[in-house]
Amino acid sequence: MWFCSEFVSDAFAKAGHPLTLAQPGWISPSDLLHMREGDVANFKPETQLQYIGHLKLGIYIKTSRLVGLN
């Protein structure tokens with residue numbers, strides 16, 4: 001079972017582009033948030049993340065209807 005931020009951190013590490021050298025299980029969603037450029041991170045980021053925008057809420061509603069979840 002993965003926690004979302006643990007999964008993201010491990011996926012980047014396995015792809016050869018670690019976000020941080022900390023163990024993936026130690027990384028919380030807020031840790032990933034604070035790895036943005038110009039922010040203060042709890043773990044030293046190997047790469048500064050760049051915020052490019054929110055996902056659109058409507059896409060989840062439309063997708064759930066397409067796959068019959070509503």
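Under 10 Å from the Cβ of Ile27, count the other residues' Cβ atoms, weight Lys and Arg +1, Asp and Glu -1, and hand me the total.
-3
From the phi of every residue in segment 11-28, what ³J(HN,Hα) in whole Hz does the Karplus formula 6.51 cos²θ - 1.76 cosθ + 1.60 yield, where θ is phi - 60° and glycine or proline is x?
So the J values, rounded to whole Hz, are 4, 5, 5, 5, 7, x, 10, x, 6, 7, 8, 5, 4, x, x, 8, 8, 9.
Which of Ser5, Ser30 has the fewest other C-beta atoms within 10 Å, and how do the rest follow up to the most?
Listing Ser5, Ser30 from fewest to most nearby Cβ atoms yields Ser30, Ser5.
Need one number: nm distance between label points at Asn42 and Val8, each 7 Å from Cα along Cα→Cβ, rounded to one decimal.
1.4 nm
Any read-out appearing in this document is the output of simple, stated calculations on the displayed coordinates, not a laboratory observation. What you see is a predicted model, and the numbers here were worked out from it, not measured in a lab. Cβ coordinates were reconstructed from backbone atoms using ideal geometry, including for glycine residues, and neighbour counts include every protein chain displayed.
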